[in-house]
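Participant: Just passing along the structure, written as structure tokens.
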Amino acid sequence: MQLTGSNLACERGGRTVFSNQNFSLNSGELLQLTGPNGSGKSSLLRLLANLGEPSHGKISLEGGAPDLTPGQQAHYIAHSDASKSALTVTENLVFWRDFLGGGDLMRALQAVNLAPLADYPAALLSAGQRRRLALARLALVPRPIWLLDEPGVGLDDSAQKLLAALMNGHLREGGLIVAATHVPLGLDPDKNLHLGAAP
Amino acid sequence: MKLLLALLRRDIILAARQGGGVGTAVGFFLTVLVLLPIGIGPDQATLQRLAPGVLWITLLLSVLLSADRIFQQDFEDGSLEVMAMAPASLELVALTKAVAHWLSTSLPLSIAAPFLGILLNLRTEIIWPLTLAMVLGSFALSLLAGIGASLTLNLRRGGLLISILVLPLYVPILVFGMSATAGNPELIMPSLLILAAITLTSLVLAPIAAAAALRAYLR
């Protein structure tokens with residue numbers, strides 16, 4: 001499986017965020033996006049998630065399911081958690097499991113060490129625990145491409161290690177990861193894409 | 001299909017647990033119906049003449065009050081982005097969320113309304129036509145509210161704008177809803193059929209419009 005972006009440009013609100021960006025990523029590789037605030041890291045991830053369209057250039061995926069868009073084969077972990085305070089941890093995950101197409105609930109809870117809090121309302125979780133709940137989606141529903149936007153924000157040391165182990169496992173199984181981050185992820189990126197300064 | 005059922009179940013559970021919009025709608029509905037007879041006075045003939053219209057208008061406004069809940073929270077907490085990446089089209093997601101709004105808010109109100117109409121001295125023989133017309137019409141109300149909710153997605157206090165956008169679309173439902181319940185038995189069946197037609201049209205067109213607005217916001 002190969003994810004390629006060629007000559008990508010992104011425009012938001014009439015402003016060119018970045019232009020002329022190229023990358024290509026194979027199975028089992030981690031692409032790390034770096035760059036100052038406002039340089040378009042999140043915008044690039046959104047383009048890859050099919051939540052927007054590039055103003056120029058093309059994103060293509062080879063070797064994926066032909067009837068699905070790259071976005072439908074990807075997990076996108078953004079700054080927001082996509083979890084509901086009124087539901088318990090398990091209910092949140094069960095919903096995403098059923099909605100996104102099935103997976104292993106126990107494995108997901110254990111992967112982010114939330115099993116002891118499974119029946120806890122998400123409203124009572126701390127910021128770091130909510131982040132782990134969002135990351136649990138990665139382990140819950142198998143999808144080949146992971147798009148991570150500052151995945152380590154709010155995580156303590158042990159949770160950072162869990163995240164690194166999760167990512168490592170995904171890469172070993174032949175997955176692709178694109179991660180935007182300011183802090184080290186705890187594993188070596190295969191490729192780096194540095195987006196320039198915001199204009 | 002299974003994933004849409006999961007979404008439907010989640011939205012109904014959320015509506016039941018959070019109260020919020022649903023509670024406001026029900027509270028508003030009851031308040032109007034209890035206060036109105038006190039405001040208008042004890043003249044039973046006047047109340048009886050006003051009753052169907054009051055019930056319809058209160059239903060319309062209650063649905064609008066809770067409309068911004070359909071998409072806003074999911075937009076704010078990022079759920080909508082994840083939903084846009086699911087193997088279901090955004091049109092079906094919009095449809096399912098409107099159905100959830102109908103089941104959790106509009107349908108209970110429209111079933112209860114004719115019976116609460118007893119507070120307004122509603123004529124007993126129009127309770128059944130009114131219930132039928134409201135159940136049919138309220139589905140269209142929720143579907144159209146979905147358009148308004150998606151268009152005002154990231155506006156704080158978008159409620160007023162939803163009303164301005166959606167109320168014109170509500171007028172036909174009000175007109176034919178009223179004619180089904182105005183007391184002329186010959187008009188009941190044709191009015192119900194036209195209401196059904198409006199509902200079916202909304203069922204097809206409203207999710208497409210709502211999904212287009214959602215896509216524009218997610219961009």
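The values are calculated or read from the model by the stated rules, or taken from the named source; none is laboratory data. On a predicted model such as this, the values are computed, not experimentally measured, just so you know. Virtual Cβ from ideal backbone geometry, glycine too; neighbours counted across all protein chains shown. Each accessible area value is taken on the protein alone, full model and side chains, heavy atoms only, with ligands, DNA and RNA left out. Shrake-Rupley method; radii C 1.70, N 1.55, O 1.52, S 1.80 Å.
Participant: Under a Cβ-only charge scheme (Lys and Arg +1, Asp and Glu -1), can you give me the dipole magnitude of chain B about the Cα centre, in debye to the nearest 20?
Facilitator: Dipole size: approximately 280 debye.
Participant: Please list, or write none, the lysines whose alpha carbon is within less than 18 Å of the alpha carbon of A:K41, excluding same-chain residues fewer than 8 places away.
Facilitator: Answer for A:K41, where 18 Å is the Cα cut-off: A:K58, A:K191, listed by chain and number.
Participant: On to the next question. Filter the DSSP H helices in chain B by two things, a Kyte-Doolittle mean of at least -0.5 and an axial alpha-carbon span of 30 angstrom or more, and list the hits by number.
Facilitator: B:44-67, B:127-151, B:185-218
Participant: Would you report the distance distribution of C-alpha pairs in segment A:22-84 as whole percents per 10 angstrom bin, up to the bin with the largest distance?
Facilitator: Calculated over all Cα pairs of segment A:22-84, the distribution is 17, 51, 29, 3 percent.
Participant: Using amide H atoms built 1.01 Å from N in the peptide plane, name the residues 5+ places from A:R12, or on other chains, whose amide H lies under 5 Å from its own.
Facilitator: A:V17
Participant: In degrees between 0 and 90, to the nearest 10, how far off the longest principal axis of chain A does helix A:157-172 point, with axes built from Cα atoms?
Facilitator: With rounding to tens, the tilt is 60 degrees.
Participant: Share of segment B:2-218's accessible area from carbon and sulfur, percent, 1.4 Å?
Facilitator: Carbon with sulfur: 73 percent of the solvent-accessible area.
Participant: Related question: Sorting A:E150, B:E186 by accessible area (1.4 Å probe), largest first, what list results?
Facilitator: Ranking A:E150, B:E186 by accessible area, largest first, yields B:E186, A:E150.
Participant: Then there is this: Quick one: what are the phi-derived ³J(HN,Hα) couplings along segment A:11-17, Karplus 6.51/-1.76/1.60 with θ = phi - 60°, whole Hz, x for glycine and proline?
Facilitator: 10, 10, x, x, 10, 6, 7
Participant: Among A:T16, A:T88, A:T34, which one moves the most in a GNM of chain A with springs linking Cα atoms closer than 10 Å?
Facilitator: Its mean-square fluctuation being the largest, the pick is A:T16.
Participant: Still on this structure, I have one more. Let's test this: bin the Cα-Cα distances of chain A at 10 Å from zero up to the farthest pair and state each bin's percent.
Facilitator: Histogram of Cα-Cα distances, whole percents per bin: 9, 36, 35, 17, 2.
Participant: Report, as an integer, the average count of C-beta atoms from other chains found within 10 Å of each Cβ along B:83-91.
Facilitator: The mean count of partner-chain Cβ atoms within 10 Å per residue comes to 5.
Participant: Provide the packing ranking of B:128-136, A:158-166, B:173-181, i.e. peptides ordered by the mean count of other C-beta atoms within 10 Å per residue, highest first.
Facilitator: B:173-181, B:128-136, A:158-166
Participant: Right, next: Over 24 Å apart: what share of the alpha carbon pairs of chain B falls there, rounded to a whole percent?
Facilitator: Percent of Cα pairs beyond 24 Å in chain B: 42.
Participant: Hey, another quick one. How far is helix A:89-100 tilted off the main Cα axis of chain A, in degrees rounded to 10, range 0 to 90?
Facilitator: The angle comes out at about 50 degrees.
Participant: If you roll a 1.4 angstrom probe over the protein chains with everything in place, what fraction of the accessible area of segment A:129-178 belongs to carbon and sulfur, to the nearest %?
Facilitator: 52 percent
Participant: What FRET efficiency do you get for A:N113 and A:R12 if R0 is 22 Å and r is their Cβ-Cβ distance, rounded to the nearest 0.05?
Facilitator: My answer for the efficiency is 0.05.
Participant: Determine the dipole magnitude for the protein assembly as shown: charges of +1 sit on the beta-carbon of Lys and Arg, -1 on that of Asp and Glu, nothing else is charged, the reference point is the Cα centre, and the result goes in debye to the nearest 20.
Facilitator: 260 debye
Participant: I've got another one for you. Once the Cα gyration tensor of the protein assembly as shown is diagonalised, what are the square roots of 5 times its eigenvalues, in whole Å and ordered largest first, as equivalent ellipsoid semi-axes?
Facilitator: Those come to 49, 22, 18 Å.
Participant: Now a separate question. Considering protein heavy atoms only and a 1.4 Å probe radius, which residues within segment A:94-118 exhibit an accessible-area decrease of no less than 10 Å² in the full assembly relative to the chain by itself?
Facilitator: Residues of segment A:94-118 that lose at least 10 Å² of accessible area once the other chains are added: A:F95, A:W96, A:D98, A:F99, A:L100.
Participant: Provide the FRET efficiency to the nearest 0.05 for the A:S24-A:E173 pair, computing r from the beta carbons and using R0 = 35 Å.
Facilitator: Efficiency at R0 = 35 Å is approximately 0.95.
Participant: Computed on protein heavy atoms with a 1.4 Å probe, what is the summed buried accessible area for the chain pair A and B, in Å² to the nearest 100?
Facilitator: 2300 Å²
Participant: While we're here: Using the Kirkwood formula on the Cα atoms of segment B:128-211, what hydrodynamic radius do you get, in angstrom to one decimal?
Facilitator: In segment B:128-211 this quantity evaluates to 13.3 Å.
Participant: Now a separate question. For chain B, with a Gaussian network of springs between Cα atoms less than 10 Å apart, report the residue from B:G117, B:G39, B:G137 with the top mean-square fluctuation.
Facilitator: Between B:G117, B:G39, B:G137, it is B:G39 that shows the largest mean-square fluctuation.
Participant: Follow-up. Which lysines, if any, have their Cα less than 26 Å from the Cα of B:K97, not counting same-chain residues under 8 positions apart?
Facilitator: The qualifying lysines are A:K84, B:K2.
Participant: Per residue, how large is the accessible surface of segment B:1-50? Use a 1.4 angstrom probe and give square angstrom.
Facilitator: Spelled out: the 1.4 Å probe surface of segment B:1-50, per residue, equals 58 Å².
Participant: For the pair B:L203 and B:V175, what calculated FRET efficiency results from E = 1/(1 + (r/R0)^6), where r is the Cβ-Cβ distance and R0 = 25 Å, to the nearest 0.05?
Facilitator: The formula returns an efficiency of 0.85 here.
Participant: Here's something else I'd like to know. As a test question: what accessible area, to the nearest 10 Å², does B:R17 have when a 1.4 Å probe is rolled over all protein chains in place?
Facilitator: In the full protein context, B:R17 sits at about 120 Å².
Participant: Using only C-alpha atoms and all pairs of different ones, pull out the Kirkwood radius for segment B:68-178 in Å with one decimal.
Facilitator: The answer is 15.3 Å.
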